[in-house]
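Before any comments, here is the structure.
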Amino acid sequence: MLEHKKAPSKIVIYLMIVLLYIPLTALFWLQNQPRPFIYAITVSLLMIMLIVSLFSKIRLVQLEEGRSVTFFIIGGMSLIVYGLLIAQGGLGRINLNLMEIYQVREAYASTNNQVLAYLLPWQAHVINMLVIAVAMYKRKYKLAGLFIVLQVFLFSMTNFKSFLFAPLVLIGFQLFEKTKLKDNLLFVISFGSSLLLSICLLVYHFFGSFYLASIFVRRLFFVPSNLHYVYYHFFEPIEKYKLSHSFLSFINDNIYQMTPVQLVALAYYNKENFAPNVGFFGDAYLNFGVLGILGFSLLLGLLLKLIDTASVSLPPFLAMSILVIPSMSLINAAFFTSLLTHGILFAILMLWLANSLFINEINTIGSKR
């Protein structure tokens, strides 16, 4: 349905299918989970794909001052983020040892800077990735190398692993575009995931080490899907939140006096310092039930059409490489949190600016290839 369409937003759908929907269906079969929940999710995914496939693109104006605005955002945000990190002891936290990342994270978290809480993922997952992607596409490898170094520097002061692996995902997309398999993206993602699972199981079988399986099989695939069922069972018999813990608090009172994550942590897991965050479908259900799943999916489908419009003049794989990390938050985080805190809306803005900024250059380069 989507494989041969030049729609960068399809990477979001593919990730939701491979990392969330397939594990959800596996647990549905293995654990005999309730049918209404998986049926609603199935219908919602089909609705999202139909919107992306059949609806016309949303009209967006081109910004004449795109070059100046883009440079201002990239330069200004980079100065703020790196400046605040250094000012708050970032140089003293520098660490590249993956075995000591949690101590560094705790030290960073103790700074409790609300500005960085938003700007840091935007910088790491959008700004730096945009510059690296465009620089690589235009063969400005020194600029790409500089921002890869800056990305590693960002990781060294915060030790969020996604910051370190994001450039590898981006480079992989750039290389993948040059292969004959680029029109079979869903197959490649599915095959790669199956291969990864097989390798983890072989390591466990022959060497007895569960480390890789814990990271990739358990944490990447089955923890998010299992939490969706936890939230479904927990909220199925009780009052839904109706976004009373979020931006609709002025309409609906939060009868639980805490966030859904805090409520589940205390009432289901009996833990206080615990954050069992749930992804897109679970968040939709805890707010409005089955109708929430359908409603949130409609909003996501329209948002994906906006992404395709905002990146209309960009090479699809360039746009996808910028979207892939922010969009993965839909697997593990609430919908509106993913849009704002994890940078999906900011990624759309930067794609739109990049579309304005590079429309002539990219079309020229594309015609020469």
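The values are calculated or read from the model by the stated rules, or taken from the named source; none is laboratory data. Just so it is clear, the structure is predicted and the values come from calculations on it, not from any experiment. In this analysis, Cβ positions are derived from the backbone assuming ideal geometry, glycine residues included, and neighbour counts consider all displayed protein chains. For accessibility, only protein heavy atoms count, side chains too; no ligands or nucleic acids. Shrake-Rupley method; radii C 1.70, N 1.55, O 1.52, S 1.80 Å.
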Residue tally, condition among the small types (G, A, S), open to solvent by less than 20 Å² (accessible area, probe 1.4 Å) and on the phi > 0 side of the Ramachandran plot, over segment 195-248: 0
Close pairs from segment 217-236: first under 28 Å from V203 (Cα atoms), partner open to solvent by less than 50 Å² (accessible area, probe 1.4 Å) and of a type outside the set (A, V, I, L, M, F, W, C), Cβ under 7 Å, at least 6 apart: F221/P23; F222/P23; P224/G279; S225/P23; L227/P276; L227/G282
Those residues of segment 55-107 which are among the β-branched types (V, I, T) and assigned to a helix (DSSP H, G or I), in sequence order: V69, T70, I73, I74, I80, V81, I86, I101, V104
Residues of segment 105-147 satisfying the condition of being β-branched (V, I, T) and surrounded by fewer than 20 Cβ atoms within 10 Å (Cβ to Cβ): T111, V115
Complete set of residues in segment 21-39 that are of a type in the set (S, T, Y) and more than 23 Å from the chain's Cα centre (by Cα): Y39
Odd one out for L291 among (1) open to solvent by 10 Å² or more (accessible area, probe 1.4 Å); (2) aliphatic (A, V, I, L, M); (3) more than 30 Å from F55 (Cβ to Cβ): (3)
Residues satisfying the stated conditions in segment 162-185, i.e. open to solvent by 40 Å² or more (accessible area, probe 1.4 Å) and outside any loop (DSSP other than H, G, I, E, B): S162, L164, F165, L168, V169, I171, L175, K180, L181, K182, D183
Pairs with Cβ under 7 Å, 6+ apart, first in segment 308-326 and free of Cβ contacts under 8 Å to residues at least 60 places away in the same chain, second buried (at least 22 other Cβ atoms within 10 Å of the Cβ) and among the β-branched types (V, I, T): none
Number of the exception - L339 against (1) surrounded by fewer than 18 Cβ atoms within 10 Å (Cβ to Cβ); (2) modelled with pLDDT of 90 or more: (1)
Hey, L286 in contact with a helix residue (DSSP H, G or I) (Cβ under 7 Å, 6 or more places away or on another chain), hydrophobic (A, V, I, L, M, F, W, C), open to solvent by 90 Å² or more (accessible area, probe 1.4 Å) and part of a helix (DSSP H, G or I) or not: no
Matching residues, segment 135-161, being in a helix (DSSP H, G or I), among the basic types (K, R) and modelled with pLDDT of 90 or more: K142
Test: residue in segment 252-259 that is in contact with a Leu (Cβ under 6 Å, 6 or more places away or on another chain), farther than 20 Å from Y21 by Cβ and touching a residue at least 12 places away in the same chain (Cβ under 8 Å): yes
Residue within segment 39-60 that is surrounded by fewer than 13 Cβ atoms within 10 Å (Cβ to Cβ) and farther than 30 Å from N287 by Cα present: yes
Which numbered condition N277 fails, given (1) assigned to a helix (DSSP H, G or I); (2) under 24 Å from H342 (Cα atoms); (3) in contact (Cβ under 8 Å) with a residue 24 or more places away in the chain: (1)
